[in-house]
1. Identify all residues within the stretch 10-59 that are among the β-branched types (Val, Ile, Thr), modelled with pLDDT under 85 and over 27 Å from PHE72 (Cβ atoms); write none if there are none.
2. Going through VAL82, VAL45, VAL64 one at a time, which residue ends up being β-branched (Val, Ile, Thr) and over 28 Å from PRO9 (Cα atoms)?
3. Take VAL64 and decide whether it is without any contact (Cβ under 8 Å) to a residue 60 or more places away in the chain and either under 14 Å from ILE22 (Cα atoms) or among the aromatic types (Phe, Trp, Tyr) (or both).
4. Would you pick out the residues in the stretch 37-61 that are among the small types (Gly, Ala, Ser) and either within 30 Å of ILE17 (Cβ to Cβ) or in contact with a strand residue (DSSP E or B) (Cβ under 7 Å, 6 or more places away or on another chain) (or both)?
5. Filter the stretch 7-63 down to the residues that are part of a helix (DSSP H, G or I) and aromatic (Phe, Trp, Tyr), then identify the one that is nearest to VAL88 (Cα to Cα).
6. Can you tell me which residues in the stretch 64-90 are part of a loop (DSSP other than H, G, I, E, B) and not aromatic (Phe, Trp, Tyr)?
7. When you go through (1) small (Gly, Ala, Ser); (2) over 12 Å from the mean Cα position of the chain (by Cα); (3) surrounded by 14 or more Cβ atoms within 10 Å (Cβ to Cβ) one by one for ALA32, which number turns out not to apply?
Amino acid sequence: MYFGREGSPLRVIMEFIRIIVILLILGGLKGAFLKFIYTSFGINVDNANGPWLVGLSILILLFVLYRNKLQFSGFYKGSGKVKLSKKVSM
């Protein structure tokens with residue numbers, strides 16, 4: 001298995017695990033926080049289609065956060081790390 005000059009297979013696998021943990025923990029915390037906010041206003045979101053839209057927006061926010069900040073502090077030391085443009089981030 002060859003992953004390029006910059007990244008060994010172990011670093012790539014560790015970065016994938018890090019991404020999954022970030023998605024699960026931060027996504028779960030943001031989802032629980034938003035559900036708490038909705039229920040505090042008396043809105044029941046358990047049997048609605050709205051949580052799918054909220055979940056998609058959380059994934060998009062986590063993607064932007066990862067591409068702009070978190071990818072530079074991970075295990076992978078490759079040369080293809082680039083921030084998203086300001087147009088995409090806003």
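The values are calculated or read from the model by the stated rules, or taken from the named source; none is laboratory data. Here the structure is a predicted model, which means the values were calculated and not measured. Please note: Cβ atoms are built from the backbone with ideal geometry, for glycine as well, and neighbour counts cover all protein chains shown.
1. ILE43, VAL45, VAL54
2. Going through VAL82, VAL45, VAL64 in turn, the sole match is VAL45.
3. yes
4. Passing the criteria: GLY55, SER57.
5. The extreme case among them is PHE63.
6. Once the filter is applied, which keeps residues that are part of a loop (DSSP other than H, G, I, E, B) and not aromatic (Phe, Trp, Tyr), the stretch 64-90 yields LYS69, GLY74, LYS77, GLY78, SER79, GLY80, LYS81, VAL82, LYS83, LEU84, SER85, MET90.
7. (3)
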